[in-house]
1. If you line up the long axis of helix 3-37 against the longest principal axis of the chain, both from Cα atoms, how many degrees apart are they, to the nearest 10?
2. Among the lysines in the chain, how many pairs, 8 or more places apart or on different chains, have alpha carbons under 19 Å apart?
3. Using just the helices of the chain, give the 222 nm mean residue ellipticity in deg cm²/dmol: DSSP H runs with n ≥ 4 each add -39,500 (n - 2.57), and the total is spread over all residues, rounded to 500.
4. Among Leu17, Val100, Ile90, flag the residue with its Cα farthest along the positive direction of the charge dipole of the chain, charges on Cβ as +1 for Lys/Arg and -1 for Asp/Glu.
5. Please work out how much length the chain gains when fully extended from Glu87 to Arg70, using 0.36 nm per residue of separation minus the C-alpha to C-alpha distance, in nm with one decimal.
6. Search the structure for amide H atoms under 5 Å from the amide H of Ile82, placed 1.01 Å from N in the peptide plane, and list their residues when 5 or more places away or on another chain.
7. Given Cα pairs under 8 Å that are at least 6 residues apart, what percent is the relative contact order of the chain?
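Taken together, the values in this text are just the output of simple stated rules run on the coordinates, not laboratory data. What you see is a predicted model; the values in this text were computed from it and never measured. FYI the Cβ positions are ideal-geometry reconstructions off the backbone, even for glycines, and counts take in every protein chain you see.
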Amino acid sequence: MRDQDHNTFKQLLTEQLTELLGQADLTVRGLLDYSERSADLLDRATFESERGTMLRIRDRESKLIRKIQRALENLEDGNYGICEVCEKEIAIERLKARPVTTLCIRCKTKMEALER
Ligand SMILES: [Zn+2]
């Protein structure tokens, strides 16, 4: 991978991570607000379902955060953009569309075919 691409992805991933961490913070604060509000027990059911939604969002967020952190580590180690399965370089176009991917399009397609 060229230095220029390396920097582009580093910037892209760092920005995404900062944004996500900001959001995660908001989600946690939202949960705390709801806990306080639930004291009046008026809309307990609404609270429970909204809390469930928030936890699901948080779960998704934290998985993505871990993926981004791993991608950044790989960038530092020089392993970024290498397919985990076949160890070939992942196409830059694919990485641009999905910077956290760890599989090349061939392996990804194969894996999806197996899951079906
Ligand atoms: Zn592959």
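1. With rounding to tens, the tilt is 10 degrees.
2. Close lysine pairs under the 19 Å cut-off: 10.
3. One gets -26000 deg cm²/dmol as the mean residue ellipticity at 222 nm.
4. The one lying farthest along the dipole's positive direction is Ile90.
5. Length difference between fully extended and current span is 4.5 nm.
6. Amide H to amide H, under 5 Å and 5 or more residues apart or across chains, Ile82 pairs with Ile90.
7. The value is 26 percent.
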